[in-house]
Amino acid sequence: MKQSETNDELLTPEDVAKMLCLSKRTVLERYAVRPDFPNRIAISKKKFWWKRGEVMIWLERNKEKRAAT
C-alpha cells in the first residue's frame, strides 16, 4: 500500500478513539468539537469519517505541545 493511500484512509469515530486511546464518546464530545481538530467528512448527521493523515498530523502537533509544557 502506498503512503498516500494510507494517509487518505477514512477513520470512523471508533478508529479515532482507538488511535487516541480514548472512548468514542470522549472523542466526539471533547476532541471533535475543538477548532484545531481535523474537519470530518460527513455523508449524514450520524455517518462521518476523518482522514487518517489529518488525524496523524493533529496528533503529532499535540504531542509536541505537551512535551513543550
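The values are calculated or read from the model by the stated rules, or taken from the named source; none is laboratory data. Owing to the predicted nature of the structure, the values given are computational and were not obtained by experimental measurement. Here the Cβ is made from the backbone with ideal geometry for all residues, glycine too, and neighbour counts use every protein chain on show. Only protein heavy atoms, including side chains, enter the accessible area calculation; ligands, DNA and RNA are left aside. Shrake-Rupley method; radii C 1.70, N 1.55, O 1.52, S 1.80 Å.
Figure the gain on full extension for PHE48 and ARG25 (residue separation times 0.36 nm, minus the Cα-Cα span) and round it to one decimal in nm.
Length gained between PHE48 and ARG25: 6.8 nm.
Pick from ARG52, ARG30, ARG40 the residue whose mean-square fluctuation is largest in a GNM of the chain, springs joining Cα atoms under 10 Å.
ARG30
For the chain, what is the mean residue ellipticity at 222 nm derived from helices alone (per DSSP H run of n ≥ 4: -39500 (n - 2.57); sum divided by total residues; nearest 500 deg cm²/dmol)?
-13000 deg cm²/dmol
Accessible area per residue of the chain at 1.4 Å probe, in Å²?
Values: 5390 Å² over 69 residues.
Each residue of the chain exposes 78 Å² on average to a 1.4 Å probe.
Accessible area of the chain with a 1.4 Å probe: how many percent of it is carbon plus sulfur?
Percent of accessible area from carbon and sulfur atoms in the chain: 51.
First obtain the Kirkwood hydrodynamic radius of the chain from its Cα pairs, then insert it into the Stokes-Einstein equation at 37 °C and 0.692 mPa s, and state the resulting D in µm² per second as a whole number.
260
What's the magnitude of the charge dipole for the chain around its Cα centre, counting Lys and Arg as +1 and Asp and Glu as -1 at the beta-carbon? Answer in Debye, nearest 20.
Dipole magnitude for the chain comes out near 320 debye.
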